[in-house]
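To start, the structure under review is shown below, and the notes come after it.
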Amino acid sequence: MDKYPKPATKQCTLKILEQLDNYFCKIEEKKDLFQIGFFCSIKYKNKSIPVLITSYEIINKMCLTNKNNINIYMNKKNVEIEFGEARYLNKSSGLSIVEIKEVKGKKIKFLELDDNLYKNDSQIIYRRESIYY
């Protein structure tokens, strides 16, 4: 078992469930067809940028129609978020990262990336380590 990370503890499992409820959202494309997205803060030039990370397919369609907002579902509640200026769209990887503005009346939580992820060869740091502690 030395080759594998330690199993998640009960506290880790509770943290994962809390994150699923508060950091992830459902984006409905059409009736009964949806994508999943999550909120994260990305550091860039000593600034923390709040972003929505999701499928290229759904965000690209909205960007092409010049919409500047999107309706999402968090905990079965409809919330409208507005896009910011920063956008990263990559068709070949199927990834969209879009800055979002503050949502009035709704507190969105953002996953924080470990600072070690920004270092070269960061995968070595996490070898056989659990991402939850």
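The values are calculated or read from the model by the stated rules, or taken from the named source; none is laboratory data. None of these values were measured; they are calculated from a predicted model. So basically every Cβ, Gly included, is an ideal-geometry build from the backbone, and we count neighbours across all protein chains shown.
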What are the pairs, 6+ residues apart or on separate chains, where a residue within segment 88-113 that is surrounded by 11 or more Cβ atoms within 10 Å (Cβ to Cβ) has its Cβ under 9 Å from a residue that is assigned to a loop (DSSP other than H, G, I, E, B) and of a type in the set (D, E, K, R)? 108/102
Of everything in segment 13-40 that's of a type in the set (Val, Ile, Thr) and closer than 16 Å to residue 53 by Cβ, which residue is surrounded by the fewest Cβ atoms within 10 Å (Cβ to Cβ)? 36
What residue, among those in segment 1-44 that are basic (Lys, Arg) and free of Cβ contacts under 8 Å to residues at least 24 places away in the same chain, is nearest to residue 109 (Cα to Cα)? 10
So, residue 20, is that one at pLDDT below 90 and of a type in the set (A, V, I, L, M) or not? yes
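Within segment 14-36, can you find the residues that are among the β-branched types (Val, Ile, Thr) and more than 23 Å from residue 115 (Cα to Cα)? It would help to see each step written out before you state the result.
Step one: filter segment 14-36 for residues among the β-branched types (Val, Ile, Thr), giving 16, 27, 36.
Residues satisfying the conditions are 27, 36.
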Taking the stated definitions as given, is residue 39 at pLDDT 85 or above, hydrophobic (A, V, I, L, M, F, W, C) and either assigned to a helix (DSSP H, G or I) or over 20 Å from residue 115 (Cα atoms) (or both)? no
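Could you grab me the full set of residues in segment 16-25 that are part of a strand (DSSP E or B) and either more than 11 Å from the chain's Cα centre (by Cα) or of a type in the set (Phe, Trp, Tyr) (or both)? Outline the logic, then answer.
Applying the first criterion (part of a strand (DSSP E or B)) to segment 16-25 yields 24-25.
Listed by number, the list holds a single entry, 24.
For residue 11, indicate whether it is at pLDDT 80 or above and under 25 Å from residue 114 (Cα atoms).
Values: at pLDDT 80 or above: yes; under 25 Å from residue 114 (Cα atoms): yes.
Against the criterion (at pLDDT 80 or above and under 25 Å from residue 114 (Cα atoms)), residue 11 qualifies.
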